[in-house]
Amino acid sequence: MGAMSFVSAMAKARTPRRDTGRREERRPSGVLSALRSFRGSAYPMGILFCCVLLAMVVAVSRGWAAHEEWAPSRACSYPEGVSEADLGDSIVMAVAGPLKTEKGEEMVKATRLRIEEANDGGGIAGKRVVLMQCDDGIEAGASDAEREARWKVVAGRIADSEALAVVGHRSSNASIVAGGVYRERRIPVISGTALADEVTAGNAWYFRTVPHTSHYMENLVHYANKVLNYKRIGIIHAGSPFEHRLRMSFSDSLRSHGVEKAGEWGLPMQESEWAESIPSILRELEAKAPDAVFLAIDDENAPPVLEAIKRNGINIPILGGAILSKTSFPLLFADLPEEKQKPGYFTDGIIAPAYFMFDIAGRDADEFVDRYEKRFPGYKASTGAISTYDAAGLAIRAIGEAYVHGKNRAERRANIKEYISGLNKDTGNYYEGAMGKVYFDEEGNSIRGIPIALISNRQIISAPIQIAEITDPRELDMLKRKVAHQEFDGSGGLVFKMRSGDELAFFNRINAVYSGVRINGITDIDAGNLTYDLDAHLWFRFDKDPNLDIHGEEDREGKVDVEYLGNIEFLNAIGEIEVTKEKSQESGERMGDLGYSLYRIKGRFGALFNPEFYTHGERTLELNFRHRNLPREKLIFVQDILSIYEFGDDYLNDREIKRQILNPSTGWEIRKITHHLDIMDVPTLGDPKLFGKKSDEVAFSRHNSNITIREIGISMFGFSPSNFLLHLMALGILIGVLFILYLRHWKYLRSNWLSNPIVFVILLILAELSILNWNADSMNLSYLNFVTKFTGILWWIVLGMILSFATKVFMFAPLEEKTGRKIPTIIPRMTAFTIYLFMLFGVTAFVFDYKVTSLLATSGLLAMILGLAVQSNLSNIFSGIALNLEHPFRIGDWVRIADFDEGKVINVTWRSVRIRTPDNHIISIPNSMAAETVAHNFTPHPEKATKKGAGRIDDKKFILGLTIQAHPEEEPARIKGLLEEIVGKVAREDRGILLEPKPVIRFLGIGEHSAGGYAAQYEVMVSIKDYEKKKLHRDNLWRGIWEQLNEAGCLHSAFAG
């Protein structure tokens, strides 16, 4: 017992016996034994083999392992999760193309986008549209027979399916071969890319949303002859079927328009022989000296010819087919050293007809580009995408019109074909697509104007002069009469004539003016009245002067007054606009030598009132202008994509430019700047010069620059429509988290649901959606301003409620439960007051747009004064929180704090600790002092808290120690025996002294006595129940020890202890 300390003895007494249980836990159970036996057997390998075999069967049955080399018959597939058995409530539409190529993926994406839009709108006849994707591609090196077989298999598979219409094919060759199957099986097909005349010739079931090759060639020859004044044109061609059709179509157009073919040179069939033949072709070309040369060559085969022409210094205009107007064509030269030094070195100046030109397109095309690139990030919308999108849209429209009128698949297909055939000039019916109006001739070819493209700086842009066919019957009759009376020779002016076969057509010469805007600065924004001051540069590049300025009559001194941009109408200008002309340059004789005018404008403009975005703290500032006198049939504004700065991936540079344009000190920031061109209808007001198809209004080309700005700071209300789903998801997550916390802390809440701010959030969202988002269009500006500010105030109030609610439920209530004490009322009230004070600042700053600097300064000063006044109280309160959390002592513990008398803790409040001394005195010690000084706790506590439900620890034992001094001559064993006997005797008389755990008596050695000499020292440690009776127990022990040792003659002459 002497070798074991008193503390160790007590720990041993309190430790439960668990050896038996632990030995039982180590004994392996029957389940574990069975698992070990199973693992050592061959069964796991057998089960693993069966699982792998089952996975292979499922993969093959689902088509996961199918590849073209493995399963060539698997040409078509449905979306994942859709099978032919699931098509009962669906309408099937097919897309066919080389799906494993970039062009094929583009077709699928455009078609999918259009189908998704249709399904989002309710589908067709209440049924969703399902896309069947069919791959007509075949590996490189396959023979023509293998390709044709593949195309026929794909067409047959589509014809056998439930598809009501087909979008495709991509290439003309595939369309021609598959078209025979479609014609025989009577299924309508719409292509957005196949150009060959043979695609639709003699096939009433094949349509296309683009013109045919002959139409492209006729327009190109007419343009070259009438606009560029080319009289002799040579041809360089290759030998593929596509290139052969291109050469023949261009030759026929030259012949029908009376343009001389200066020569025709063919490249060898073997591409390896081109390097030898091209120099001789170029020598002959120089000898013939044509006005221009036409390349009847595929885009991928054109680089060797163009490289040789440029590197040999041959300066000759180059014409090409529509294949050269693709945006990817100039990029084929990007790795050449000349292109790296000067982009566009090999391709600048090439003229070609284009499928479609985005830079002169209207708003519908711009919106398609936005939707496409947002739906498929990283993919840029191209002409193939928009033409396929229109083909898919036309197919969906036709299915919707014809579906309910057919009883079966064959009748519905026939009805769809008849509907599409009815879209023509004679009926006046058309389909309005992203590219414009779509209607067909008798062969199923789209009738539309063909834009002429110019390659410049490795970009495909609209040529500065465009032509458009005149279709107004009155104007046509007038022009035909002039021709009959030989008053119109078609040699100049704005109108040209051309004869194709027995038909006489007339074309307007349209001046395409490249327009650009750079915003220099935006100031003095009046958000309420939607006005602002603008400083901007405008520039125009043109082939023919568009008469932008108004020149007055010359005065006596020879001076002419000029009103700069007098013929430009700024549609949203307020008052006079200050215009200065900074640069001017005349156009040259050759196309590409463009004139240039640079202006700077300053003035006040009106912003766009868009209720949808107005309610979300955004404003759209506009700069819109048009020509006053030249309608769209004479002038088109073209977006100058070569010069306009586009905000992109350079975030830091973009941010700096936006800050230069709009200073953040105004309280606004630029979100985005966009430019687009569209068409606006303007009343003619009876002016006969403007009469066209309609005498009441005429179409003008309009340039639009939009600057979207938003308020800087926190917007507590509304969801931007462009990010509605993102905001909705974030809101859902927030409500979900709050609801989980609500369930966790529900016991702290009141039973009244109206006390929960989540209810107010939901109610406010519903109210805002119903008032602002759904009814904003019917509100005037003043009422909308009032409602917007009112909802903004409510959102800040609700935010204050949420924060106050959260501090109460998630901080104060759990703290009260943990400490077992009620937090002083002043603390929650001060917290709530602070929260709502900041909410007031938020309303002032962000709703009413007032400066809060003075308010913050005043509130800071007030907070400092109050803080100094209640500094000591706050110190005691926070110290009390710390004491209640750390629990260095508890109520009922015997402690000694600093130099105060020891005593029993009777209360711990938020201001002080109260203890009662053994003399029954009450001492109040401030919490700040109790937390900062040393506190001795004499009451033992278990190191680990007992588990819930284990009961309270009522057997607290205090330690009482005495130091006894005896004669050094006495043997320690005798003295220890006497002391054990004495302690036992006293403990039997005084029940407050405990014998369990057993008292500890230790010999401490021999030391000097305070009165002189030496004494043997012994330590006696016993346990007592009640620390408050410590003095009584000490007195009893000393009395017993004195009596016994005195009788035994072992007592030293003086005591110490």
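The values are calculated or read from the model by the stated rules, or taken from the named source; none is laboratory data. Being a predicted model, the structure only gives us computed values, none of them experimental. Note that we place each Cβ from the backbone using ideal geometry, even for glycine, and neighbour counts take in every protein chain shown.
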Practice task
Please indicate, with yes or no, whether at least one residue in the stretch 144-152 is more than 23 Å from residue 369 (Cα to Cα) and in contact with a strand residue (DSSP E or B) (Cβ under 6 Å, 6 or more places away or on another chain).
Solution key: no
Practice task
Working only within the stretch 416-445, note down all residues that are under 16 Å from residue 205 (Cβ atoms) and buried (at least 20 other Cβ atoms within 10 Å of the Cβ).
Solution key: 416, 417, 419, 420, 423, 440, 444, 445
Problem - Hey, residue 450 in contact (Cβ under 8 Å) with a residue 24 or more places away in the chain, among the hydrophobic types (A, V, I, L, M, F, W, C) and outside any loop (DSSP other than H, G, I, E, B) or not - result: no
Exercise for the section: Looking only at the stretch 141-159, decide whether some residue is on the phi > 0 side of the Ramachandran plot and outside any helix (DSSP H, G or I). Expected result: yes
Practice task
Using the structure shown, decide if residue 332 is out of contact with any Leu (no Cβ under 6 Å at 6 or more places or on another chain), over 19 Å from residue 240 (Cα atoms) and of a type outside the set (S, T, N, Q).
Solution key: yes
Problem - Verdict on residue 884 being among the polar types (S, T, N, Q), part of a helix (DSSP H, G or I), outside the structural domain of residue 762 (by TED's automatic domain parsing) and modelled with pLDDT under 75 - result: yes
Practice task
Report the residue count in the stretch 913-966 for those that are in a loop (DSSP other than H, G, I, E, B) and either modelled with pLDDT of 80 or more or on the phi > 0 side of the Ramachandran plot (or both).
Solution key: 5
Exercise for the section: Have a look at 95, 129 and point out the one that is in the same structural domain as residue 408 (by TED's automatic domain parsing) and at pLDDT 95 or above. Expected result: 95
Problem - Members of the stretch 996-1031 that are loosely packed, with under 13 Cβ neighbours inside 10 Å and acidic (Asp, Glu) - result: 996, 1008, 1026
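Residues checked against (1) among the small types (Gly, Ala, Ser); (2) within 23 Å of residue 329 (Cβ to Cβ):
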| residue | (1), (2) |
| --- | --- |
| 249 | yes, yes |
| 263 | yes, no |
| 267 | no, yes |
| 275 | yes, yes |
| 278 | no, yes |
| 283 | no, no |
| 292 | yes, yes |
| 298 | no, yes |
| 301 | no, yes |
Exercise for the section: For residues that are of a type in the set (D, E, K, R), farther than 17 Å from residue 242 by Cα and crowded, with 24+ Cβ neighbours inside 10 Å, tally how many sit in the stretch 141-177. Expected result: 0
Handout entry: Test set (1) surrounded by 15 or more Cβ atoms within 10 Å (Cβ to Cβ); (2) at pLDDT 70 or above - residue 660 fails condition number
Key = (1)
Problem - Odd one out for residue 199, checked against (1) within 44 Å of the chain's Cα centre (by Cα); (2) surrounded by fewer than 24 Cβ atoms within 10 Å (Cβ to Cβ); (3) without any contact (Cβ under 8 Å) to a residue 40 or more places away in the chain - result: (2)
Completion exercise
Within the stretch 256-271, residues of a type outside the set (Val, Ile, Thr) and at pLDDT 90 or above come out as 260, 261, 262, 263, 264, 265, 266, 267, 268
Practice task
Answer yes or no as to whether residue 108 is within 33 Å of the chain's Cα centre (by Cα), outside any strand (DSSP E or B), over 25 Å from residue 194 (Cα atoms) and in the same structural domain as residue 413 (by TED's automatic domain parsing).
Solution key: no
Fill in the blank from the handout: Among strands (runs of 3 or more DSSP E) entirely inside the stretch 243-344, those with 3 or more residues being touching a helix residue (DSSP H, G or I) at 6+ places or on another chain (Cβ under 7 Å) are 260-266, 292-296
Problem - Residue satisfying condition, being at pLDDT 90 or above and among the basic types (Lys, Arg), within set 311, 363 - result: 311
Problem - Any hit, the stretch 541-551, residues being more than 24 Å from residue 663 (Cα to Cα) and exposed (fewer than 12 other Cβ atoms within 10 Å of the Cβ) - result: yes
Practice task
Take the stretch 533-570 and flag every residue that is over 21 Å from residue 641 (Cβ atoms), in a loop (DSSP other than H, G, I, E, B) and among the aliphatic types (A, V, I, L, M).
Solution key: 565
Exercise for the section: From (1) assigned to a loop (DSSP other than H, G, I, E, B); (2) in contact (Cβ under 8 Å) with a residue 40 or more places away in the chain, pick out the condition that doesn't hold for residue 407. Expected result: (2)
